[in-house]
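Reviewing the structure listed below.
Bear in mind these aren't lab numbers, they're just calculated from the coordinates by the rules spelled out. Note that the coordinates shown come from a computational prediction; the quantities given were computed from them, not determined experimentally. With ideal geometry, Cβ positions are generated from the backbone for all residues, glycine too; neighbour counts draw on all protein chains shown.
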Amino acid sequence: MSGLFRKRTFLRHSGVKPRYDVVVIGGGVNGLSLAYNLAASHGITNVAVFERAYIGSGGSGRNTQVVRANYNTPETVPLYKRSLEIWRTLSAELDLNILFSTQGELDLCHTRDSLEIERDKSLLNRAYGVHTDVLTVDDVLKVCPLVDVTGGGELPVLGASYHPPFTRGAPSPGSRRSGIDAPVSVSRAGSRSRPERLSRRSRATRRSSRGWPA
Ligand SMILES: Cc1cc2nc3c(=O)[nH]c(=O)nc-3n(C[C@H](O)[C@H](O)[C@H](O)COP(=O)(O)OP(=O)(O)OC[C@H]3O[C@@H](n4cnc5c(N)ncnc54)[C@H](O)[C@@H]3O)c2cc1C
């Protein structure tokens with residue numbers, strides 16, 4: 001964790017120019033990723049992100065911070081599976097420690113109906129290549145011995161679905177992107193080549209990225 005609280009300016013403010021190709025309103029995860037992908041995937045770098053407060057001041061900076069792929073609909077599972085792949089390599093890509101760490105998710109079921117829903121979810125997830133298991137109560141305790149499976153004596157746990165931590169290597173989406181710095185509140189993304197960008201990457205980021213499954 002050394003370096004976590006170091007003072008380093010990632011978001012440089014620049015003066016507002018009279019003209020941009022694209023103006024994005026709102027520096028939340030959607031606005032920033034839109035600006036990033038305009039540059040990374042479409043070569044549109046003359047982009048401004050206008051934020052009325054501070055970056056991440058909306059829902060993006062105040063949510064539960066769970067990034068997962070085990071959703072319940074055919075539309076969302078592949079979308080979040082891809083999203084999760086991007087999160088895994090984003091620190092290295094941006095040269096910025098985004099504090100992403102891989103954990104499992106346990107959804108406890110206290111009713112038969114909820115267990116059925118989690119069974120359906122597991123089948124749907126597996127159909128899209130997302131690992132979600134249905135666990136018995138004994139298996140829940142193997143994953144997390146601290147769970148009170150009596151539910152306080154009122155609502156005992158009947159089972160759970162489990163979205164385990166990712167353990168295998170995933171393809172690096174970073175390899176196909178180029179030339180993007182950390183987003184700035186009024187930004188004009190650069191156009192450096194990937195080797196140049198990699199040579200700038202700090203040793204600290206390399207070290208921390210290495211510890212995370214990618
Ligand atoms: C309590 C809670 C928990 C959540 N937990 C999770 C979770 O665990 N996992 C998950 O994936 N999602 C979670 N979400 C959902 C997720 O946080 C949101 O879907 C996401 O942050 C939306 O991002 P956004 O960029 O669209 O909006 P925001 O992050 O809200 O960004 C909008 C930005 O626009 C700015 N803005 C607004 N109007 C203007 C203006 N006129 N001019 C300039 N700037 C403006 C705001 O200041 C703000 O910074 C949670 C949401 C909440 C509320």
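So the values come out like this:
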read-out: Under Karplus coefficients 6.51, -1.76 and 1.60, residue-wise ³J(HN,Hα) of the stretch 43-56 in Hz, glycine/proline x; value: x, 8, 10, 8, 10, 10, 10, 9, 10, 7, 10, 10, 4, x
read-out: Whole-Hz ³J(HN,Hα) from phi, Karplus 6.51 cos²θ - 1.76 cosθ + 1.60, for the stretch 88-99, glycine and proline x; value: 5, 10, 5, 4, 5, 5, 8, 6, 8, 6, 8, 6
read-out: In nm, spacing of pseudo-spin labels at Arg126 and Leu99 (7 Å Cα→C-beta vector); value: 3.6
read-out: Karplus 3J(HN,Hα) series, Hz, for the stretch 80-85 with 6.51 cos²θ - 1.76 cosθ + 1.60 (x for Gly, Pro); value: 6, 4, 5, 4, 5, 4
